[in-house]
Amino acid sequence: MLLTRIFLASLIIFTALWRVDAQESERTTVKSYTHPRTEHFTDFAFISPLPTPFVEAYPKRKEMGDQYLDFLGVIAIVGETKQQQTDMRRLAHVLMGLIDNDQDGLPDDKRLWDKWKAKTNPRNRLVLYVTGQKEKYKSFDGESPSVYHQGWCSFRDGERLHLTNIQEELFHFLQRHLWEREYPHAFGLDRNPRSIAHQAALKAVRNRHYVYDQDCISDSGCLVPEFFFCAMTDMMKGWQGDGFDAPGQAEWRLKGKPTAIRQNFPDMTEMVLTMQDQGRLPRNWPSFFLNEEPRR
């Protein structure tokens, strides 16, 4: 009888430990998500120095750094030094999660990406730029043509670059440089009549659902993408504000209230759901980190 009790107690302890290990393993798997078909996008092979055609198109680019990743033949991810390789890879991985939200290895909006691939070449890519400090990429502001379309820094105020910051700025990038151009009825700026997102943004300011810096509110190029990002943190699944709580409750008054968003912005809600069904907008926020070096 005693042996039976000892056996049962051991079995209970073993089962409990197994469950803990399984839970830890599950959490680790989520954090180290790897896209099932990365070869469809980029092999993550860093090129150094920057490719000659890329620099020859605009010589100022030679001052950017010496790290280069090609993304889908449309986007160049440029890093200041080897120290930025980890963050460059993180950018590429999150970008894959946004444009291949269903994880089948192909862009969900294939027509859009095929169109852009046909009209870009090694000289005229859209450029994502990662530097050590913000001052580096901001030093290029005011240059014409611009050497980058969206910039990040690996360290700011002593902190590492957060995943939420990558997600937010990539979302802005896609909206400003792709969605606005391809879908003006949905996202266009300063049109007559207003685009659906622009109308919703103006209504949100008017009703004080969205309260932001006056300089941004008075500029549609800032207002519309900033407002739409706030709305999509509630309309798309999976947003996590680790690192910083963006957007803040004082800025986005409908934070955490998807029902209120649907009621106040029915046209935008219908637009988002339709475009998601068509594969033109993602359904979920990606949270994709690579915890190990890619296979060579």
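Summary table below
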read-out: In segment 120-150, residue nearest to the chain's Cα centre (by Cα) [restricted to those that are among the small types (Gly, Ala, Ser) and within 18 Å of Val55 (Cα to Cα)]; value: Ser146
read-out: Residue in segment 209-225 that is surrounded by 20 or more Cβ atoms within 10 Å (Cβ to Cβ), in contact with a helix residue (DSSP H, G or I) (Cβ under 6 Å, 6 or more places away or on another chain), in a helix (DSSP H, G or I) and not aliphatic (A, V, I, L, M) present; value: yes
read-out: Residue that is modelled with the highest pLDDT [pool: residues in segment 74-101 that are under 19 Å from Gln175 (Cα atoms) and in a loop (DSSP other than H, G, I, E, B)]; value: Val74
read-out: Residue that is nearest to Arg176 (Cα to Cα), among those in segment 129-155 that are touching a Ser or Thr at 6+ places or on another chain (Cβ under 6 Å) and not in a helix (DSSP H, G or I); value: Cys153
read-out: Any pair with Cβ under 6 angstrom, 6 or more apart, that starts in segment 260-283 at a residue that is at negative phi and among the hydroxyl-bearing types (Ser, Thr, Tyr) and ends at one that is assigned to a helix (DSSP H, G or I) and surrounded by fewer than 21 Cβ atoms within 10 Å (Cβ to Cβ); value: Thr269/Arg262
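Yes/no per residue for (1) assigned to a loop (DSSP other than H, G, I, E, B); (2) of a type in the set (A, V, I, L, M); (3) touching a His at 6+ places or on another chain (Cβ under 8 Å):
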| position | (1), (2), (3) |
| --- | --- |
| Arg181 | no, no, no |
| Asn192 | yes, no, no |
| Val205 | no, yes, no |
| Phe228 | no, no, no |
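The values are calculated or read from the model by the stated rules, or taken from the named source; none is laboratory data. These numbers come from a predicted model, not from an experiment. Glycine gets a Cβ as well: all are built from the backbone with ideal geometry, and neighbour counts include every protein chain shown.
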